[in-house]
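*Asks:* Just dropping this structure here.
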Amino acid sequence: MIAAYLQQLEDALGHDPALRARVLQEVRDHLEEALAAEQLDDRLAAERRVVARFGEVRELAAQFAPISLARHMRRAAIALALAPVATLIMMKARVSWYAFVQWTLSEDARAVAGFIIRVDRYAFWLAAGLAIVALLYIARHPAPARLHADYRKHLHRAANLFILAAVPLAVSVTSDVALTVLQLETVLSPNALIPVASISIEIACVGVIAVMVGNAVRRLARAEALQAG
């Protein structure tokens, strides 16, 4: 009975491996302590009584949902706020490198590049601003004791802010890719490794953000389904 109970709890907490490991160990210890205090003439009956007193698996798992969701939302918000910083550093590094190796755009490419730079600039600062707003919004709401309706609305608003910030960030990085392609069409040499490496880091940042935001949204949906069930 105890093994089956722990397995059900593990399945219910599957959305958060770190929390799952900690909670399972704590619950296992409590159950073993409670079992040790029982009459063990009939071990199965004793385990059944211990498990019954501990409560339903879904109710127990739901108690830890706000803590898990708050932690993952904070991580996503911090990553989202740091991504524009990393992007800005990579952009500045490319500009400095182009100046160092004296790379310039062709006359035909400059008009197109000017338009892309404007799009890039507006998208970047919009992404940075929304990321800061999302981080402050998350910081203002600590995790409650239970996943009540108001906190679920807060998490949904935070997830929407994440998405709103991630979209212009992706536009900014896409613009950087286009500018890099224009530059490399003008000069292609071993020196291109620096711009290619920097743009790869920007793309990786967007990929990490997409994964983290997606995971946060899925965890929220799973927690709501767990509570509804």
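The values are calculated or read from the model by the stated rules, or taken from the named source; none is laboratory data. In this text, all values refer to a predicted model and were calculated from it rather than measured experimentally. Because the Cβ atoms are built from the backbone with ideal geometry, glycine has one as well, and the counts that use them run over all protein chains shown.
*Asks:* Filter segment 121-155 down to residues that are farther than 20 Å from ALA210 by Cα and among the hydroxyl-bearing types (Ser, Thr, Tyr) and give me whichever is farthest from the chain's Cα centre (by Cα).
*Replies:* Among residues in segment 121-155 that are farther than 20 Å from ALA210 by Cα and among the hydroxyl-bearing types (Ser, Thr, Tyr), the one farthest from the chain's Cα centre (by Cα) is TYR122.
*Asks:* Examine segment 136-153 for a residue that is part of a helix (DSSP H, G or I) and in contact with an Asp or Glu (Cβ under 7 Å, 6 or more places away or on another chain), and state whether such a residue exists.
*Replies:* yes
*Asks:* Let me ask another. Can you tell me which residues in segment 95-123 are more than 18 Å from ALA197 (Cα to Cα), in a helix (DSSP H, G or I) and among the aliphatic types (A, V, I, L, M)?
*Replies:* Matches in segment 95-123: ALA109, ALA111, VAL112, ALA113, ILE116, ILE117, VAL119, ALA123.
*Asks:* Another one. Return yes when GLU38 is modelled with pLDDT under 75 and under 28 Å from the mean Cα position of the chain (by Cα) and no when it is not.
*Replies:* Against the criterion (modelled with pLDDT under 75 and under 28 Å from the mean Cα position of the chain (by Cα)), GLU38 does not qualify.
*Asks:* Is it the case that some residue within segment 123-137 is under 21 Å from ARG94 (Cβ atoms), assigned by TED's automatic domain parsing to the domain that holds LYS92, touching a residue at least 24 places away in the same chain (Cβ under 8 Å) and among the aromatic types (Phe, Trp, Tyr)?
*Replies:* Looking through segment 123-137, at least one residue is under 21 Å from ARG94 (Cβ atoms), assigned by TED's automatic domain parsing to the domain that holds LYS92, touching a residue at least 24 places away in the same chain (Cβ under 8 Å) and among the aromatic types (Phe, Trp, Tyr).
*Asks:* Still on this structure: Residue under question is GLN63, and the condition is that it be polar (S, T, N, Q), surrounded by fewer than 19 Cβ atoms within 10 Å (Cβ to Cβ) and free of Cβ contacts under 8 Å to residues at least 24 places away in the same chain; does it hold?
*Replies:* no
*Asks:* Quick check, is ALA109 more than 34 Å from the chain's Cα centre (by Cα), surrounded by fewer than 20 Cβ atoms within 10 Å (Cβ to Cβ), small (Gly, Ala, Ser) and assigned by TED's automatic domain parsing to the domain that holds ASN191?
*Replies:* Criteria met by ALA109.
*Asks:* Out of all the residues in segment 52-66, which are among the aliphatic types (A, V, I, L, M) and farther than 18 Å from ARG22 by Cα?
*Replies:* Within segment 52-66, ALA52 is the sole residue that qualifies.
*Asks:* Among the numbered criteria (1) at pLDDT below 90; (2) in contact with a helix residue (DSSP H, G or I) (Cβ under 9 Å, 6 or more places away or on another chain); (3) among the β-branched types (Val, Ile, Thr), which one does VAL95 miss?
*Replies:* If we test VAL95 against (1) at pLDDT below 90; (2) in contact with a helix residue (DSSP H, G or I) (Cβ under 9 Å, 6 or more places away or on another chain); (3) among the β-branched types (Val, Ile, Thr), just (2) comes out false.
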